[in-house]
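Scroll down for the structure; my scribbles are underneath it.
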Amino acid sequence: MEKPSLKFLALGGVTGPLLFTVTTLICAGLRSDYNHIHHVISELGATGTPNADLMNWIGFIPSGIMISSFGLSLTLLLPKNILARSGSVLITIFGLGMTVVGFISCDEGCPREGSLENNIHDQISGPIFLCATLGSLLLGFTFRRLPYWRKLWLYSIVSAILSFVFIVTLIDSLDSYRFTGMWQRLLLLTLFLWFGIVGLHVFKFWRSRILV
């Protein structure tokens, strides 16, 4: 693949989160019983719930593909060192995991224990957040070493730290399901902003002699 074409893959870091956010808002708006503060987003695509196909096929699946494309662009464009490669692969895994949970939905209400499909969904959705968080952290340290990327290194580290904090608070809320949706959305907001800013940085300022 030509490197000029790779910068268009990086826009998946912008379009994926935007599509997912818009789809979430639409699907939530179609359900009077849904609460953004307390309910996780997966509940919108839960098996047997209204508009689940819309959330999964327009939200999770294509958004995940776009975000994994963003991760792939970083894998191919950044220097081939262990930090850059590991961080980029972890971002790609997050996107792929997001796609998979669109195919494998949780049960209605997304209980912690349920059907096999529900349990697989749960076992995937948690770790992929850790992948994205660790990926942004490793890439932050990578950016520090590269002149073109250096202005993003501290932002990346702070985003990773905030994401980790939101993961902890999200896990802590699972027993009561109070404010679980809020913590998940703050986590996604932090990660999605990072995806978008880094993706735009690749697309807008791409120069082959600088990025390699």
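The values are calculated or read from the model by the stated rules, or taken from the named source; none is laboratory data. What you are looking at is a predicted structure, and each value in this text was computed from that prediction instead of being measured. Positions of Cβ are backbone-derived with ideal geometry, glycine not excepted, and every protein chain shown enters the neighbour counts. Quick note on the areas: whole protein, heavy atoms, side chains included, nothing else; ligands and nucleic acids left out. Shrake-Rupley method; radii C 1.70, N 1.55, O 1.52, S 1.80 Å.
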Across (1) over 19 Å from Thr142 (Cα atoms); (2) surrounded by 21 or more Cβ atoms within 10 Å (Cβ to Cβ); (3) hydroxyl-bearing (Ser, Thr, Tyr), Ser88 clears everything bar (1)
If you go through Gly135, Gly95, the only one that is in contact (Cβ under 8 Å) with a residue 60 or more places away in the chain, under 16 Å from the mean Cα position of the chain (by Cα) and farther than 23 Å from Asp53 by Cβ is Gly135
(1) among the polar types (S, T, N, Q); (2) surrounded by 15 or more Cβ atoms within 10 Å (Cβ to Cβ); (3) farther than 15 Å from Gly87 by Cα all hold for Ser159 apart from (3)
- Query: Any residue in the range 38-47 that is farther than 22 Å from Asn118 by Cβ, open to solvent by 10 Å² or more (accessible area, probe 1.4 Å) and either modelled with pLDDT of 95 or more or of a type in the set (Ser, Thr, Tyr) (or both)?
  - Reply: no
Given (1) in contact with a Phe, Trp or Tyr (Cβ under 9 Å, 6 or more places away or on another chain); (2) surrounded by 15 or more Cβ atoms within 10 Å (Cβ to Cβ); (3) at pLDDT 95 or above, Phe179 misses just (1)
Determine, yes or no, whether Ile61 is surrounded by fewer than 17 Cβ atoms within 10 Å (Cβ to Cβ), in a helix (DSSP H, G or I) and at pLDDT 95 or above. no
